[in-house]
Amino acid sequence: MRGTTEEKYKMQNAEFKIKQPPRIQDRAFDFACRIVQLHRTLLRTGPTARRLANQLLDAGTSVGANLEEAEAGQSKPDFISKCRIALKEARESLYWLRLFAGTEIVKPDQLAPIIQEAREIVAILTTIVRNATKSR
């Protein structure tokens, strides 16, 4: 016998989960973790970097927090509002990351992956807000 129907469904569900792209909430959480790690590193540098690092920490960790609030939104306008805030915070995070790279406080090649992730998060959130606003 090849296995029960239940076992087959479990295998299909496991395969389905593997193929799914990560949820935006999960990507935002991972992004926030990377921002926290970068912040810790930046605190060991000069006063300018420390001050800017705090700005980045606030914006970078706020993206995921607002997405979690959006998921629990009480209404569609509430959902859209929280997603818009997350989008603004993602854009601000991208700005601070670009500033660190542009001023070479951090070597640009070291920041390239997290800058790319910030750009992708901005693009995803832009699409979410646009689609949610259209379907109101």
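Numbers at a glance
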| quantity | calculated |
| --- | --- |
| Theoretical ellipticity at 222 nm over the chain - DSSP helices of four or more residues, -39500 (n - 2.57) apiece, nearest 500 | -29000 deg cm²/dmol |
| Answer label, with Cα extents along the principal axes in Å calculated from the coordinates and candidates [x] 109, 42, 23; [y] 40, 39, 28; [z] 67, 41, 19 | [z] |
| Label-point separation in nm, ASP26 to ASP78, each point 7 Å along Cα→Cβ | 2.6 |
| Relative contact order %, the chain, counting alpha carbon pairs below 8 Å whose residues are six or more apart | 22 |
| FRET E, pair THR45, LYS88, Förster distance 22 Å, beta-carbon r, rounded to 0.05 | 0.25 |
| Dipole-positive endmost among ASN131, ALA90, PRO113 within the chain (Cβ charges, Cα centre) | ASN131 |
| Ranking of THR126, THR103 by count of other Cβ atoms within 10 Å, fewest first | THR103, THR126 |
| Two-site FRET efficiency, ILE105 against GLU68, from Cβ-Cβ distance with R₀ of 41 Å, rounded to 0.05 | 0.85 |
| Label-to-label distance, nm, for residues given as ASP58 and ARG130 (7 Å Cα→Cβ offset) | 3.0 |
| Mean projected area (nm²) of the alpha-carbon convex hull when segment 23-99 is viewed from all directions | 4.8 |
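Read-outs throughout are calculated quantities, based only on the coordinates presented, and are distinct from any laboratory measurement. Not measured: the values here are computed from a predicted model. As a convention, Cβ positions derive from the backbone with ideal geometry for all residues, glycine included, and neighbour counts pool all protein chains shown.
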